[in-house]
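Notes follow the structure.
The values are calculated or read from the model by the stated rules, or taken from the named source; none is laboratory data. Predicted, not measured: the structure shown is a model, and the values here were computed from it. Here the Cβ positions follow ideal geometry from the backbone for every residue, glycine too, while neighbour counts run over all protein chains shown. Please note that ligands, DNA and RNA were not included when accessible areas were found on the heavy atoms of the full protein model with its side chains. Shrake-Rupley method; radii C 1.70, N 1.55, O 1.52, S 1.80 Å.
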Number of protein chains: 4
Amino acid sequence: MTRVESLISAVHKPEFDILRVAHVELVVTDLDASVAFYGDLLGMIVTERTADAAYLRGWEEYLHHSLTLREGPVAALDHAAFRVYEDADLDRLEADFRARGCTTRWVTDELAQGRGLRVQDPLGFPLEFFHAMDEVERHTQAFHLQRGAPVLRFDHVNFHVSQPERAFAFWQELGFRATEYISTDGADERITGAWLRRKPTVHDVALTAGTGPRLHHFAMWLAEPSSVLRVCDQLAAAGHVHAIERGPGRHGVSNAFFVYLRDPDGHRIELYTCDYYTGDPDHPPLRWSVTDPRCRSFWGTRAPDSWYDESSLVLDLDGKPLETEPATVDERTEVMA
Amino acid sequence: MTRVESLISAVHKPEFDILRVAHVELVVTDLDASVAFYGDLLGMIVTERTADAAYLRGWEEYLHHSLTLREGPVAALDHAAFRVYEDADLDRLEADFRARGCTTRWVTDELAQGRGLRVQDPLGFPLEFFHAMDEVERHTQAFHLQRGAPVLRFDHVNFHVSQPERAFAFWQELGFRATEYISTDGADERITGAWLRRKPTVHDVALTAGTGPRLHHFAMWLAEPSSVLRVCDQLAAAGHVHAIERGPGRHGVSNAFFVYLRDPDGHRIELYTCDYYTGDPDHPPLRWSVTDPRCRSFWGTRAPDSWYDESSLVLDLDGKPLETEPATVDERTEVMA
Amino acid sequence: MTRVESLISAVHKPEFDILRVAHVELVVTDLDASVAFYGDLLGMIVTERTADAAYLRGWEEYLHHSLTLREGPVAALDHAAFRVYEDADLDRLEADFRARGCTTRWVTDELAQGRGLRVQDPLGFPLEFFHAMDEVERHTQAFHLQRGAPVLRFDHVNFHVSQPERAFAFWQELGFRATEYISTDGADERITGAWLRRKPTVHDVALTAGTGPRLHHFAMWLAEPSSVLRVCDQLAAAGHVHAIERGPGRHGVSNAFFVYLRDPDGHRIELYTCDYYTGDPDHPPLRWSVTDPRCRSFWGTRAPDSWYDESSLVLDLDGKPLETEPATVDERTEVMA
Amino acid sequence: MTRVESLISAVHKPEFDILRVAHVELVVTDLDASVAFYGDLLGMIVTERTADAAYLRGWEEYLHHSLTLREGPVAALDHAAFRVYEDADLDRLEADFRARGCTTRWVTDELAQGRGLRVQDPLGFPLEFFHAMDEVERHTQAFHLQRGAPVLRFDHVNFHVSQPERAFAFWQELGFRATEYISTDGADERITGAWLRRKPTVHDVALTAGTGPRLHHFAMWLAEPSSVLRVCDQLAAAGHVHAIERGPGRHGVSNAFFVYLRDPDGHRIELYTCDYYTGDPDHPPLRWSVTDPRCRSFWGTRAPDSWYDESSLVLDLDGKPLETEPATVDERTEVMA
């Protein structure tokens, strides 16, 4: 059993039930520009807009929002939010995080949402857990109104972490199951990427070795590959060709069809579709060697440097950007191989 | 050599050069409703609108219009127009039609167009030939503005003809080449459908045995099959589910992917994509037996009765609806087989 | 609160944890013909073949089989199987079904599978519950070997039930959650179709009002709509055009893109893709009126009579075809509306 | 009028009628490997194979071959062949090329083909003109047998030319019409790329500024964008990920969806679909500035250096590789811009 296989073999069944990753709140420096990007160009519904924030959702979503854009001086991730099965799960999570020595805080004034538990996780990431959110109308089949991609629903977050194995162990302790990972070859195997899930898709959370804690990207689900192609055509036609950073293409990991975009503040969003079912408890995690040119891009296309080097700052619970530290494993190994 | 093969074997090289079918002018009873259908729902560009007419084109077209909608009391085809290589071809065509004993007329006051030769062809159809038309901007890659299908360009017309063999011979005399046909089996072979082309696609003109002269449908070209599916989703979502008459599906004849719609007046439009190249002079015409369930719908789906029975009246050169006569061959044979 | 809403409002949390529907075993009268259909034409992997049976799976599946074809004298459903979270769930299920007065039986000699609990459910359907099955290699990305659709994984079963409300209550008691339903309008609301899920897709089990107990169809998941179109092209080209019964098209219910096929024995299989996420506990069930032409086919296409009238016999636990009874609600209401 | 516009404005109507580019003959160093690549992986039909050559065609083609692979010591283009309307056109072409001082030669022993006129054109390229070729069966709708992309038909050739303006003038004199071009900005405008057509698509022949004479690539037509994606999946799965050089993506020029592959000898083939109709005589050529990041890749993706630097040697009429000379315009301008 390899080092990573040992990490995976321990199945955790915590007392709380995290359903899935549900939304992110981004600090953006020009709210109008960001709303135009996510609403008009990518095709999300703007559920509500206030003086300094906008709340958006995908076309099949019935909860109030899956993306919050809040205007502020420094572009960053304010927090990534996870929905739990029932309100009482929040208390169990608070106890768990306190036992870890993590800072926790209750938030009760979020628009359209019940109480939220904010924590700074052991890796430094600002997480939120919540159960209640206002319901709004689904528009899954409002094809005549849809535009852009269109974006259907929130799918996952991907974090840049300096200590991949430590982050990997932490998320498994929260009840997440590994579905795929990339690691170095040889006896001193190191994780350079890992995908973990609660909902039975390839992931709710991915971990990428890199300077962190930072948000590498969040991802929205589209209906099918042709949606990915169409949004690229539309972005380029609308004068936003520089927003297209990587792809479109097929991932090796996850098998999904994807494109990575950069929003007006440089936040990275992946448009993502067609991964696979992972919900059985014995679902076997899939390992990729960092030397396999197909793991990141199944068709072998090298990701640009920016995709490896750049990602979004994250805020602490007081709204201050967190210091970062370089990765303990050279993630670029995989591209140099 | 069969009866139809004999008809095909004679290659005609007339003095004039018809490039392709270029547009139709439809009389519609509610111009606003028709503009909403073709412009907003199907996604055509409205180049210009006058008091009683609208001129539309597809997104890759640089000529002023490929569809004219003119408000009038009775829904009908005013004329189907063909573009010729040079202006002098019009005079040669006039001579040809006069020699046939057909009524001809010059029209010089059409919006954005040079002189047009109007004729009532031997089968009764109101045809127009023209060379000059105002050029406008192409918007092939204005993906961010496109909506609906979107419609890219005019592709073909399909006529309901009572005497298919006579019509077939006539169009060949104009220099059109047969690419495919459906015929009855046995010694007294009859044509029930025929496809003829000038531009090197499967057709500019198709002939369907049926009560005629009537316009069975005209067709617009889309980029790919997913465009056909999307416009169906949008029509149904927008409350126009009854506009979808037949399909989507794959044609046996032409191999194209298609859907047939009915506009607010019942005019039939086909959205059509992915046929094949036919431009070599020895391109072998393909015969289908009427008993082959795949000739009309490659997947075997029976067309609804309305698709066989209903089509648009055509006007004579004075704007009066033409009398029709029933077909001399029972076209329904193919569905009864 | 309507009658059906009352049925839905009661949330059941049974002691056992059914993960999902996992496979069906069909009795087929010509094993070679059936293997050719599912293996060669639709593109499933034949994991193993014995003297009288074949075990197939989709390309992303790592369990030994998701479709068993067993040769026998009368085409029928032998059983539909559901996977549970752990082996002990089987004992809890046995107790539950015994308490209902249902016949139960343990099966221990199934190829590549652990012990199975067979029951004849209150509606008469032969169900199996199991946990353990041999693991085999996944071929999710063996694109160069894939053929046909290709079929990726088992998705759902659809049962013809004579008493829809009774069946609906039963499946909810097993912990299934309703996602969509079709019902008659007015005070004496009746269910004519219902969709229930364990895994967070639109369904594991659907109920269609009709002469039952019979298997209406089972469904396999494809990657995307273009896969559905391709398999139709291939079936027609290979001379199996009559296997295509209904579609391709978009469902109103489920939003999925689909086609229904009939196998050589008339068993109906749906190829299905692109539904949506339903995994949150407050996911609101969606009601469709039987009078909405878009509920069965979003584009309004009427399903053929065979789709309503015909379905597969089911066997009792001794392998004898079960008597059927007509539906207590006229399901055809929806097409006559 | 700019310098390039002046070049375009002269319309040439030569005495001969070249229908279209029809095939290439490539010298390959390992015939088995090349047949496996084009036949099994890309999905072309091998019409015939001899001791040292293989003749392939696309699935909708009824002429004997559109690609000849001939084993030899040095990978190169033996010749690119153009079909003419009638046999007599060949004599007219011979006269034309002799008048230009070009070497010409008649070839009468080509498999399945009538007499061919071979010329070394003013830029050094080995061209063939022919009219007659054996007809074979079309398999447009043999979807059940198709594999790989599949490849449907030959579309175009793209030549690396050191003197773009001279080549541009030459092809126009043969009756080709410019549809699009890329040029430098400013008074001393230079062509860095040009697209010219006989059949009414975007091109039969493209010219790319670069070290020449060399064959940059030839292109085959696919049915739709999803075909391009599928062949990439299959190539990567089959262990040929390094064959994928650039794309998939949307071209700015031509609007086509494409991918560039390298065959076992490094010959470049483009799989290409969805360009537009260009057949009207007043079709306006479209100019792109070399500084527009969208002209080569509409989504802005930079082509790899190999795509600019590498291309196939061409042979003289005696089968000897031709000397090349560097381009007179720095084609890389467009990527450095």
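Could you list all residues from segment D:233-274 that are within 12 Å of chain C (Cβ to nearest Cβ) and touching a Gly at 6+ places or on another chain (Cβ under 8 Å)? Across segment D:233-274, the qualifying residues are D:Gln234, D:Ala236, D:Val241.
One residue stands out in segment D:119-137 among those that are closer than 22 Å to D:Ala53 by Cα and surrounded by fewer than 20 Cβ atoms within 10 Å (Cβ to Cβ): the one that is nearest to the other protein chains (Cβ to nearest Cβ), namely D:Glu135. Under the condition of being out of contact with any Leu (no Cβ under 8 Å at 6 or more places or on another chain) and open to solvent by 20 Å² or more (accessible area, probe 1.4 Å), the residues counted in segment C:62-91 number 5.
Residues in segment A:257-297 that are under 20 Å from D:Arg250 (Cβ atoms) and in contact with a Cys (Cβ under 8 Å, 6 or more places away or on another chain): A:Phe257, A:Val259. For segment A:172-191, the criterion of being under 30 Å from A:His64 (Cα atoms) and basic (Lys, Arg) is met by at least one residue. Within segment D:188-196, is even one residue outside any strand (DSSP E or B) and either within 14 Å of chain B (Cβ to nearest Cβ) or crowded, with 24+ Cβ neighbours inside 10 Å (or both)? Looking for residues that are outside any strand (DSSP E or B) and either within 14 Å of chain B (Cβ to nearest Cβ) or crowded, with 24+ Cβ neighbours inside 10 Å (or both), one finds none in segment D:188-196, hence no. The condition (being small (Gly, Ala, Ser) and within 14 Å of chain C (Cβ to nearest Cβ)) is satisfied by just one residue among A:Ala88, A:Ala76, A:Ala54, A:Ala10: A:Ala88. Within segment B:5-25, being aliphatic (A, V, I, L, M) and touching a Lys or Arg at 6+ places or on another chain (Cβ under 7 Å) holds for B:Ile18, B:Leu19, B:Ala22. Only one of the listed residues (A:Glu71, A:Glu48) is under 20 Å from C:Asp282 (Cβ atoms) and not aromatic (Phe, Trp, Tyr). That residue is A:Glu48. Looking at A:Leu63, A:Leu69, A:Leu90, A:Leu56, just one residue is more than 10 Å from A:Glu25 (Cα to Cα), touching a helix residue (DSSP H, G or I) at 6+ places or on another chain (Cβ under 6 Å) and not acidic (Asp, Glu), and that residue is A:Leu56.
Taking helices (runs of 4 or more DSSP H) as the structural unit, those lying wholly within segment B:1-115 and holding at least 2 residues that are of a type in the set (D, E, K, R) correspond to B:3-9, B:88-99. Of all residues in segment B:94-109, those satisfying the criterion of being of a type in the set (D, E, K, R) and over 14 Å from B:Glu15 (Cα atoms) are B:Arg98, B:Arg100, B:Arg105, B:Asp109. Take the residues of segment C:211-228 that are of a type outside the set (Val, Ile, Thr), open to solvent by 10 Å² or more (accessible area, probe 1.4 Å) and in contact (Cβ under 8 Å) with a residue 24 or more places away in the chain: which is nearest to C:Gly124 (Cα to Cα)? Per the stated criteria, the residue is C:Pro213. Checking A:Leu19, A:Leu26, A:Leu77 one by one, the residue that is farther than 25 Å from A:Glu165 by Cα, of a type outside the set (D, E, K, R) and within 21 Å of the chain's Cα centre (by Cα) is A:Leu26 and no other. Per the listing A:His144, A:His156, A:His139, the residue uniquely assigned to a strand (DSSP E or B) and not aliphatic (A, V, I, L, M) is A:His156. Scanning segment B:173-187 for residues being under 20 Å from B:Pro326 (Cα atoms) and either assigned by TED's automatic domain parsing to the domain that holds B:Val84 or open to solvent by 10 Å² or more (accessible area, probe 1.4 Å) (or both) gives a total of 1.
Of the numbered conditions (1) among the aliphatic types (A, V, I, L, M); (2) assigned by TED's automatic domain parsing to the domain that holds C:Pro326; (3) surrounded by fewer than 22 Cβ atoms within 10 Å (Cβ to Cβ), C:Ala112 satisfies every one except a single condition; which is it? It is condition (2) that C:Ala112 fails.
Do we find a residue being surrounded by fewer than 23 Cβ atoms within 10 Å (Cβ to Cβ), touching a strand residue (DSSP E or B) at 6+ places or on another chain (Cβ under 6 Å) and closer than 17 Å to B:Arg83 by Cβ anywhere in segment B:154-172? Checking segment B:154-172: not a single residue is surrounded by fewer than 23 Cβ atoms within 10 Å (Cβ to Cβ), touching a strand residue (DSSP E or B) at 6+ places or on another chain (Cβ under 6 Å) and closer than 17 Å to B:Arg83 by Cβ. For A:Arg302, the stated conditions do not hold, so it cannot be described as more than 24 Å from D:Ala256 (Cα to Cα) and touching a helix residue (DSSP H, G or I) at 6+ places or on another chain (Cβ under 9 Å).
Of note, D:Gly43 does not satisfy the criterion of being under 21 Å from the mean Cα position of the chain (by Cα), farther than 23 Å from D:Phe125 by Cα, touching a residue at least 12 places away in the same chain (Cβ under 8 Å) and surrounded by fewer than 21 Cβ atoms within 10 Å (Cβ to Cβ).
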